[in-house]
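Student: Provided herewith is a single structure, encoded as structure tokens, for subsequent inquiry.
Derivation of every value follows stated rules applied to the coordinates shown; laboratory data play no part. Note that the structure is predicted; figures quoted are calculated from it, not measured. Because the Cβ atoms are built from the backbone with ideal geometry, glycine has one as well, and the counts that use them run over all protein chains shown.
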């Protein structure tokens, strides 16, 4: 299951989705909006993407996980739109026969997602400033807003 949503992420649903009698481990990663990044206070985050491109890339990454590790199932949800402090922006659940596999696959997936998936984050600071960022790109600009 891969989902891009404007709704809050239901982690219980993700855990239920990857449940499998073959699984001895389920790992759940949840990325949440933190209040401070270095010395800057966050007001909220906003996420945007090109849904078709993001969905395609997420499917490719999930396929790569299945090729590299023996997993039972994977569920991944990324939030779009406004995400307030303490709310989940991304959640990944991986089930496998053994915990090491579930941890490795989940970590690899979140790391590649942050580097490769065309989802942009706008950090809205408490002082009114904002900055679009994408950890996998050298420039923090947002392609849909780039005038060049």
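Student: Could you state, as a whole-number percent, how many of the C-alpha pairs of segment 25-103 are farther apart than 22 Å?
Tutor: 38 percent
Student: Here is a further query. For a footprinting-style exposure proxy, rank 40, 34 by other Cβ within 10 Å, fewest first.
Tutor: 34, 40
Student: Based on other C-beta atoms within 10 Å, arrange 114, 121, 100, 57 from fewest to most.
Tutor: Listed from fewest to most nearby Cβ atoms, that is 100, 114, 57, 121.
Student: Let me have the 222 nm mean residue ellipticity of the chain computed from DSSP H runs of 4+ only, each contributing -39500 (n - 2.57), with the sum over all residues rounded to the nearest 500.
Tutor: Helix contribution divided over all residues of the chain: -9500 deg cm²/dmol.
Student: Based on the alpha carbon coordinates of segment 2-145, what radius of gyration and maximum Cα-Cα distance (Dmax) apply, in Å?
Tutor: Rg and Dmax of segment 2-145, Cα atoms, are 15.7, 50 Å.
Student: For 95, 63, which order do you get if you count the other beta carbons within 10 Å of each Cβ and list the fewest first?
Tutor: Taking fewest neighbouring Cβ atoms as first place, the list is 63, 95.
Student: Counting DSSP beta bridges with both partners in the chain, what percentage is antiparallel, nearest 5?
Tutor: On the way: 32 of 36 bridges.
Taking every DSSP beta bridge with both residues in the chain, the antiparallel ones total about 90 percent.
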